[in-house]
2 protein chains.
Amino acid sequence: MPGQKPRWSSRKIIMTIEEFISKSVGEWISMRSGHSLAFKEFENIHSTIHISSLKIDSLEVLGFANENGIAPNTIVSPFKISWKTESDWDISSKNETESSSSLLIPIPFSSTEGEIIRSQGYTEKIIAISKYIFLPDGTLSLSTEYDQAKTEERIWFVSNNVRCRTSVVKTSKSLAILQTSYASEIRKITII
Amino acid sequence: MPGQKPRWSSRKIIMTIEEFISKSVGEWISMRSGHSLAFKEFENIHSTIHISSLKIDSLEVLGFANENGIAPNTIVSPFKISWKTESDWDISSKNETESSSSLLIPIPFSSTEGEIIRSQGYTEKIIAISKYIFLPDGTLSLSTEYDQAKTEERIWFVSNNVRCRTSVVKTSKSLAILQTSYASEIRKITII
């Protein structure tokens, strides 16, 4: 009925980086669509993503922290992402399979903001530092500056078993938008 | 550098429904990806979208308001969306072209929340009432309940000439997620 006050206006979603990572742990089947804006081309990518939490006092985390001058007591909920992708370009129809993994180290400044240090960036193969902020609806908003590009990502839970993710890639100098992408990630549930 | 306070934390984006619609007026080229979660199928859709503002005292707006019991003095920035789509299902390779238009009547409750009444829904061909709220980063978040389905949409500006839009369609009863979609919308700029 028009004019009725929406019920959802009072809905409060509280999310911290610990909760977000805890909800993200597991195996996900990802459908990702890349949009090349200049060429108006679609890329459809199927992939499998495995997210696992790590202990702060593990050799992997302490070693990475030590190499990069990160004080271990500033780290919260370190985790690892492994993925295997299969890409179908709709024009050339060639198939490419790629797999890789990345160590991620969150360093919160407050309950809603901080940084995530990655051992390997998605856009360039260097260590990447992302600034993050949580929106009031629980969306994790990430901004990452690389040498040549700047990416803006958003990740949010549609349900406990479905995450959505968008990204926008801009050039660092002109901030021209090169491409955007969107992924639906569905938790892989094993039925025994 | 790790540990540095992010500059963007102080960034305030103020957006009202009037500003959002004013920024949206024009012709857009849309690339839309549909993800069918159950079948893991992609749908790639090219379309053209035309958004035009209407006057509150136009016959079209007043007629619609009168038929649906909407007081004209509650309406802000009514507008019209016309679109023409061309869909390519990656499995069947059949092409479908569809065009339609919809009248949209925003009724704000506050500077950040309200309702948008549509003369034609996207999911079902009935009048649809969407509840909207603006997130602090300027994203317009819309929730619409149809007879059989519930959709959640988000629309935001990446730049003045690029909008992004996501949608999630759930069944009304079980809230099972049927499909998600994502669109990159690029303003059509005519060079004379």
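Quick rundown of the values:
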| item | result |
| --- | --- |
| B:ALA71/A:SER111 FRET efficiency (R0 45 Å; Cβ-Cβ; nearest 0.05) | 0.60 |
| Pair-distance profile P(r), taking every C-alpha pair of the stretch B:105-192, with 10 angstrom steps and integer % | 16, 41, 34, 8, 1, 0 |
| Binned Cα-Cα distances of the stretch A:42-88, short to long, each 5 Å bin given as a whole percent | 5, 17, 23, 15, 11, 10, 10, 8, 2 |
| Greater than 28 Å apart at Cα, pairs in B:LYS80/B:LYS170; A:LYS150/B:LYS150; A:LYS80/B:LYS40; A:LYS23/A:LYS131; A:LYS55/A:LYS131 | A:LYS150/B:LYS150 |
| Computed label-point distance, nm, for sites A:ASN160 and B:LYS150 using a 7 Å Cα→Cβ extension | 1.7 |
| Alpha-carbon Rg/Rh ratio, for the stretch B:21-120, with Rh computed the Kirkwood way | 1.09 |
| Nearest-10 value in Å² for the accessible area of A:ARG118, using the 1.4 Å probe | 10 |
| Summed buried accessible surface, chains B and A, 1.4 Å probe, nearest 100 Å² | 4600 |
| Under the Karplus curve 6.51 cos²θ - 1.76 cosθ + 1.60, θ = phi - 60°, whole-Hz ³J(HN,Hα) for the stretch B:113-120, x wherever Gly or Pro sits | 9, x, 10, 10, 9, 10, 6, 7 |
| Shape box of the stretch B:143-187 [Cα atoms, principal axes, largest first, Å] | 38, 15, 11 |
| Size of electric dipole in the stretch B:148-192: Cβ of Lys, Arg +1 and of Asp, Glu -1, about Cα centre, debye, nearest 20 | 60 |
| Label-point gap, in nm, between B:SER82 and A:THR85 - each point 7 angstrom along Cα→Cβ | 3.9 |
| Accessible area (Å², 1.4 Å probe, nearest 10) - B:HIS50 | 80 |
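The values are calculated or read from the model by the stated rules, or taken from the named source; none is laboratory data. Computed from a prediction, not measured in an experiment: that's the story for all the values here. Cβ sites come from the backbone with ideal geometry, for glycine too, and all protein chains shown count toward neighbours. Ligands, DNA and RNA are excluded from the accessible area calculation, which covers all protein heavy atoms including side chains. Shrake-Rupley method; radii C 1.70, N 1.55, O 1.52, S 1.80 Å.
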